[in-house]
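Q: Below is the structure I would like to discuss, written out as structure tokens.
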Amino acid sequence: NIVWAFAKAEIPHTRLLERVADHIVALDNLEAFDPQNLSNMVWAFAKAEISHPRMFEKVADHIVALNDLGAFNPQDLSNMVWAFAN
């Protein structure tokens, strides 16, 4: 996950992250993303201090529509809660 790598390395690249977020928002659905992908993505945006409310809303809507968080491990959930809180 490229956005995770940039955030983990603390390399700011706002334009790249914004383009990725715009792409995510434009997708019909997020079915191709597993829980770790979603968790890493929102964590990376929060860590990089990049605000993209539409992307966060799309991820949140996708998670709510799942009706079951059983596929999310505790680390996925804690990273997501942290990201949404920040």
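Q: Looking at the stretch 25-45, is at least one residue farther than 16 Å from W4 by Cα, assigned to a helix (DSSP H, G or I), open to solvent by less than 60 Å² (accessible area, probe 1.4 Å) and among the hydrophobic types (A, V, I, L, M, F, W, C)?
A: Among the residues of the stretch 25-45, at least one is farther than 16 Å from W4 by Cα, assigned to a helix (DSSP H, G or I), open to solvent by less than 60 Å² (accessible area, probe 1.4 Å) and among the hydrophobic types (A, V, I, L, M, F, W, C), which makes the answer yes.
Q: Let me ask something additional. What about V64, is it β-branched (V, I, T) and either at pLDDT below 90 or open to solvent by less than 40 Å² (accessible area, probe 1.4 Å) (or both)?
A: On the way: β-branched (V, I, T): yes; either at pLDDT below 90 or open to solvent by less than 40 Å² (accessible area, probe 1.4 Å) (or both): no.
Criteria not met by V64.
Q: Which residue is modelled with the highest pLDDT, if the candidates are limited to the stretch 1-17 and must be of a type in the set (A, V, I, L, M, F, W, C) and loosely packed, with under 11 Cβ neighbours inside 10 Å?
A: Across the stretch 1-17, the extreme among qualifying residues is A9.
Q: Which of the residues belonging to the stretch 53-76 are over 10 Å from the mean Cα position of the chain (by Cα) and within 22 Å of A5 (Cβ to Cβ)?
A: Matches in the stretch 53-76: F72, N73, Q75, D76.
Q: What about S51, is it of a type in the set (S, T, N, Q), at negative phi and open to solvent by 70 Å² or more (accessible area, probe 1.4 Å)? Reasoning before the result, please.
A: Working: of a type in the set (S, T, N, Q): yes; at negative phi: yes; open to solvent by 70 Å² or more (accessible area, probe 1.4 Å): yes.
Considered against the rule, which asks whether it is of a type in the set (S, T, N, Q), at negative phi and open to solvent by 70 Å² or more (accessible area, probe 1.4 Å), S51 comes out as yes.
The values are calculated or read from the model by the stated rules, or taken from the named source; none is laboratory data. As the structure is a computational prediction, the values presented were derived from the model and not from experiment. Every residue, glycine among them, receives a Cβ derived from its backbone with ideal geometry; neighbour counts consider all protein chains shown. We work out accessible area using only protein heavy atoms, side chains counted, and drop any ligands, DNA or RNA first. Shrake-Rupley method; radii C 1.70, N 1.55, O 1.52, S 1.80 Å.
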